[in-house]
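Novice: One structure is given below, represented as structure tokens, and several questions about it will come after.
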Amino acid sequence: MRPNRKPVVIEDIRATHKARKKEIRARLDQFQEVWRRGSDELLWEELVFCIFTAGASARMGFRSVEAIRPFLIDGKREDMTLALRTNGAHRFPVERPGYIVVTRDYLREHCGLALRKKLQSFADPLERRDWLAREKRIKGLGYKESSHFLRNIGLLGHAILDKHVMSCLADLKVVETSKPPATRARYWKQRRDYNPLPAKLRLTLMSLIWFFGQ
């Protein structure tokens, strides 16, 4: 816990949820609209955004996507790196374009960049996330950013267990440590620990996942 940070308590979550309930519902609807109407190009853009936000901020992710937008579909790694450096958009201007190009080449070879069809092919949502997190040629995601991507495109139900969320859950004594889970087994254990919390708070699971995953 950071110095001077007040520990989170259940009453804080209830009060914040009550104050922002309409905003939460509207944001969840926006995510689901991406899945209902979004093109494969938009789904790919959202995946690139999550590659950029791993270990960085959402603001840095947005700036980076805008900087390399002309290169998203066919651009070279070197062009992306130059664009990021010119705009000062990301602190890893070489590594992240490398991740993007390797991932794009794999997806083009594997499914023709038809992300919607590929994601729809999984009967089990957990297998879908496992594919994103564990496929070696999908770079830079892991379980947290895979969950982030799926949430952002409207495939809800996956908690985004980053350091901020884990710190809150540790305050609430839901988990033993605030350290984010790094493996599938640990991620799934933390998710099981997290499951009883919505009933305790008298909130829907989707609202709580948004609250902790925003």
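Novice: Anything in region 1-38 that is outside any helix (DSSP H, G or I) and closer than 21 Å to Val165 by Cα? List them, or say none.
Specialist: Met1, Arg2, Pro3, Asn4, Arg5, Lys6, Pro7, Val8, Val9
Novice: Note down all Cβ pairs under 7 Å where the first residue falls in region 107-125 and is open to solvent by less than 30 Å² (accessible area, probe 1.4 Å), the second is modelled with pLDDT of 95 or more and aromatic (Phe, Trp, Tyr), and they're at least six residues apart or on different chains.
Specialist: Leu113/Trp44; Leu115/Trp44
Novice: Another question about this same structure. Given the conditions (1) out of contact with any Leu (no Cβ under 6 Å at 6 or more places or on another chain); (2) open to solvent by 10 Å² or more (accessible area, probe 1.4 Å); (3) aliphatic (A, V, I, L, M), and given that Ile100 satisfies all but one, which numbered condition is not satisfied?
Specialist: Unmet for Ile100, out of (1) out of contact with any Leu (no Cβ under 6 Å at 6 or more places or on another chain); (2) open to solvent by 10 Å² or more (accessible area, probe 1.4 Å); (3) aliphatic (A, V, I, L, M): (2).
Novice: State whether one or more residues within region 53-67 are more than 29 Å from Phe92 (Cβ to Cβ) and open to solvent by 30 Å² or more (accessible area, probe 1.4 Å).
Specialist: No, there is no match, as no residue in region 53-67 is more than 29 Å from Phe92 (Cβ to Cβ) and open to solvent by 30 Å² or more (accessible area, probe 1.4 Å).
Novice: A follow-up question, please. Looking only at region 39-60, count how many residues are in a loop (DSSP other than H, G, I, E, B) and at pLDDT 95 or above. Steps first, answer last, please.
Specialist: Kept after step one, since they are in a loop (DSSP other than H, G, I, E, B), are these residues of region 39-60: 39, 54-57.
Still in the running and at pLDDT 95 or above: 39.
Looking only at that region, the number is 1.
Novice: What residue, of Arg91, Arg69, Arg63, Arg85, is basic (Lys, Arg), farther than 21 Å from Asp130 by Cα and assigned to a loop (DSSP other than H, G, I, E, B)? Show your work before the answer.
Specialist: On the way: Arg69 fails: assigned to a loop (DSSP other than H, G, I, E, B); Arg63 fails: assigned to a loop (DSSP other than H, G, I, E, B); Arg85 fails: assigned to a loop (DSSP other than H, G, I, E, B).
When all the criteria are applied, what remains is Arg91.
Novice: Take Met60 and tell me if it is of a type in the set (A, V, I, L, M, F, W, C) and more than 20 Å from the chain's Cα centre (by Cα).
Specialist: In short, no.
Novice: Something else about it: Go through region 26-53 residue by residue and tally those that are under 20 Å from Asp105 (Cα atoms) and not polar (S, T, N, Q).
Specialist: Matching residues across region 26-53 total 13.
Results for (1) in contact (Cβ under 8 Å) with a residue 40 or more places away in the chain; (2) loosely packed, with under 14 Cβ neighbours inside 10 Å; (3) within 26 Å of Val8 (Cα to Cα), shown as yes or no for each residue.
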position	(1), (2), (3)
Trp131	no, no, no
Lys139	yes, no, no
Leu169	yes, no, yes
Thr177	no, yes, yes
Arg184	yes, no, no
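The values are calculated or read from the model by the stated rules, or taken from the named source; none is laboratory data. This one's a predicted model, so the numbers in the text were calculated from it and none came from an experiment. Here the Cβ is made from the backbone with ideal geometry for all residues, glycine too, and neighbour counts use every protein chain on show. Surface accessibility is based on the protein's heavy atoms, side chains included, excluding ligands, DNA and RNA. Shrake-Rupley method; radii C 1.70, N 1.55, O 1.52, S 1.80 Å.
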